[in-house]
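A.B. asks: Attaching a single structure in C-alpha cells format; questions to follow.
Read-outs throughout are calculated quantities, based only on the coordinates presented, and are distinct from any laboratory measurement. Small disclaimer: the values here were computed from a predicted structure and weren't measured. Note: ideal-geometry Cβ built from the backbone for every residue, glycine included; neighbour counts use all protein chains shown.
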Amino acid sequence: MHLTVIGAGPAYSDRAGSTGAAYLVRTDRSAILLDLGQGSFPRLAGHIDPADLDAVVISHLHPDHFIDLVPLRHYLRWEVPLGRVRVIAPAGLTDRLDALHDEPGFAAQALDIEALEAGSFTVGDFSIEAGPVTHTESSFGFRVSVSGDKGEAGLVYSGDCSCTGPGSADSARRHADLRGLVWSGAGRARSRAS
C-alpha cells in the first residue's frame, strides 16, 4: 500500500499552492482517493490519470472535501470518452453537485455516486471500514487495508474533527470514534507528501 498526500490544506488559505484534502492510496493494481478538496484535481492528475481511479471516497459533505469532483466530472465527461468513476459519499452529494450547476443529472453524467453508510466494503484491492466520527451529522472516518493481506498495516483517515480542547467531552468522543477503526499490523504503509 502506498499513500500520496495530494492535498491537506484547510477550508480556506492565503498560501499559494494550498489545496484541500485529497489522499491517494494505491497498490500495483488499484487506486482510491480519500476526499477531493479544492485545488486538488490538478495535483491528482500529476500522479495518476484520474480516470484510472477505482473510487473516490468522501468523508463528509463540506466543500473542502468534495468540490474538486466538479473538475473530475468535467475531465471524465469531455476528455475521456465514456469515462466514469465510482464515488462513495454520504447521502446528499448528488443533489449538492447538481445544484452547483442548476442542472439535474449533472453529476450522473460521469460519476457513479453511491450512498456511504457505516460498515465494510471493498474497492479494488482495498478493504474499507467506514465509521461515524464527530464533525457533521454524516461524517465518516475510514480504515483502509489491502484485502486478504494479514501482515500489512492499514491506515486510518478521519476527515475533519470537531474543534475541541484536550480533555473535553468532544475530544474524548473523537478518540472513541476512531478507536474502532485503528488496527496495528506487522507491516507498514509507505507515505509520500507531494
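A.B. asks: Points 7 angstrom from Cα along the Cβ direction at Asp112 and Ser127: gap in nanometres?
C.D. replies: 2.3
A.B. asks: Between Ser147 and Ala99, what length in nm is gained on full extension when 0.36 nm per residue of separation is reduced by their alpha carbon distance?
C.D. replies: 13.6 nm
A.B. asks: Within the set of other residues whose C-beta is less than 12 Å from the C-beta of Ile88, count the net charge using Lys and Arg as +1 and Asp and Glu as -1.
C.D. replies: For residues surrounding Ile88, the net value is -4.
A.B. asks: Just check region 1-124 against the gyration tensor rule for me: Cα atoms, a ≥ b ≥ c as the square roots of the eigenvalues, rounded for a/c under 1.5, and otherwise prolate or oblate depending on whether a/b exceeds b/c.
C.D. replies: In terms of gyration-tensor shape, rounded.
A.B. asks: Once amide H atoms are placed 1.01 Å from N in the peptide plane, what residues at a sequence separation of 5 or more from Asp49, or on another chain, have their amide H within under 5 Å of its amide H?
C.D. replies: none
A.B. asks: Here's something else I'd like to know. Report the net charge of residues surrounding Gly39, where surrounding means a beta-carbon distance below 10 angstrom and charges are Lys +1, Arg +1, Asp -1, Glu -1.
C.D. replies: With Lys, Arg at +1 and Asp, Glu at -1, the net is -1.
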